[in-house]
1. Every residue in region 101-111 that is without any contact (Cβ under 8 Å) to a residue 60 or more places away in the chain, open to solvent by 20 Å² or more (accessible area, probe 1.4 Å) and in contact with a helix residue (DSSP H, G or I) (Cβ under 9 Å, 6 or more places away or on another chain), please.
2. Read through the list (1) open to solvent by less than 30 Å² (accessible area, probe 1.4 Å); (2) assigned to a helix (DSSP H, G or I), then give the number of the only condition that Phe161 fails.
3. Residues in region 19-60 that are assigned to a strand (DSSP E or B), in contact with a strand residue (DSSP E or B) (Cβ under 8 Å, 6 or more places away or on another chain) and loosely packed, with under 14 Cβ neighbours inside 10 Å: how many?
4. Which one is farthest from Gly59 (Cα to Cα), of the residues in region 200-236 that are touching a strand residue (DSSP E or B) at 6+ places or on another chain (Cβ under 8 Å) and crowded, with 21+ Cβ neighbours inside 10 Å?
5. Pairs under 6 Å by beta carbon, first residue among the aromatic types (Phe, Trp, Tyr) in region 181-203, partner part of a helix (DSSP H, G or I), six or more apart or different chains?
6. Which members of region 130-155 meet the condition of being small (Gly, Ala, Ser) and either open to solvent by 50 Å² or more (accessible area, probe 1.4 Å) or in contact with a strand residue (DSSP E or B) (Cβ under 9 Å, 6 or more places away or on another chain) (or both)?
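The values are calculated or read from the model by the stated rules, or taken from the named source; none is laboratory data. Nothing here was measured: the structure is a model prediction, and the numbers come from that model. Using ideal geometry, Cβ is built from the backbone for each residue, glycine included, and neighbour counts are taken over all protein chains shown. The protein model used for the area step is the full one, side chains on, heavy atoms only, and it has no ligands, DNA or RNA in it. Shrake-Rupley method; radii C 1.70, N 1.55, O 1.52, S 1.80 Å.
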Amino acid sequence: MVLFITEQGSRLVKRGHVLMVYKEGEKRYMFPLQAISQLVVMGRVEISTALLGLLMRQGVDTVLMTVDGRYKGRISGETSKNIFAREKQFRRRDQPDFCLAVSRALIAAKAINTRNWLRRSFPEVHRDARSRFDKALASITRAESIHQLRGLEGSLAAFSFSLFPRLLQGEFTFRSRQKRPPKDPVNALLSLGYTFLFNTIYGLVEAAGLDPYAGFFHQGSYGHPALISDLQEPYRAQMVDRLVIGMLNKKSFTKEDFS
């Protein structure tokens, strides 16, 4: 279970192997620690050092975020001792054929998952967009370089977002994907969802003993966990876009929920 703590002014402490949530001296919630795989703390929330120590010993990834969902950092236990997995990962990064094959598979999965979501939930939109997705998939499988593949992925993402106005029903509108900062409610929800997805994959990668910064598709740069960016591509539409569009169309939010 990924546990999100959003109640501002809360204090988290441990009682035995139970995580206790207090606010203004009153006990609000309690969660067994063995059920928690990741703890996400948003905004002004205090954590006792005893609880942090136990979370680290049990390998629970603790993620710190601002109240509006921007990533601040993470606290985790000892780095995996599996140096052999990381050595193999670094060797693979120096093999162009392997990097290209992995990247093709990731971006093809992204295209397929986006297409399948549209086919199930928006059949009319899928019918109009199907030929574009089919052509994109054919080009992805034939891509001869990472550089070419990055161009195809960017074009596919832009086309997918261009369909969003037809998917939304109700008071919310969408013109284009905007970030840093997102400038409308739809973009804000997308950014928040992508951040949650990023954090989840980050914890899984560290648990597997791999280096989050050594990717195969996204360009490596100082401070950028490229492997996480690689691995989240297939899940963007499946887990975030679908959820955001579905919640907005079900009127789970109003414009008054955003500022």
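1. The answer is Arg104, Ala105.
2. Here Phe161 meets the rest and fails (1).
3. 5
4. Per the criteria, the residue is Tyr202.
5. That search, which allows pairs on different chains as well, returns Tyr194/Val240; Phe198/Ile228; Phe198/Gln232; Tyr202/Ile228.
6. Ser131, Ser155
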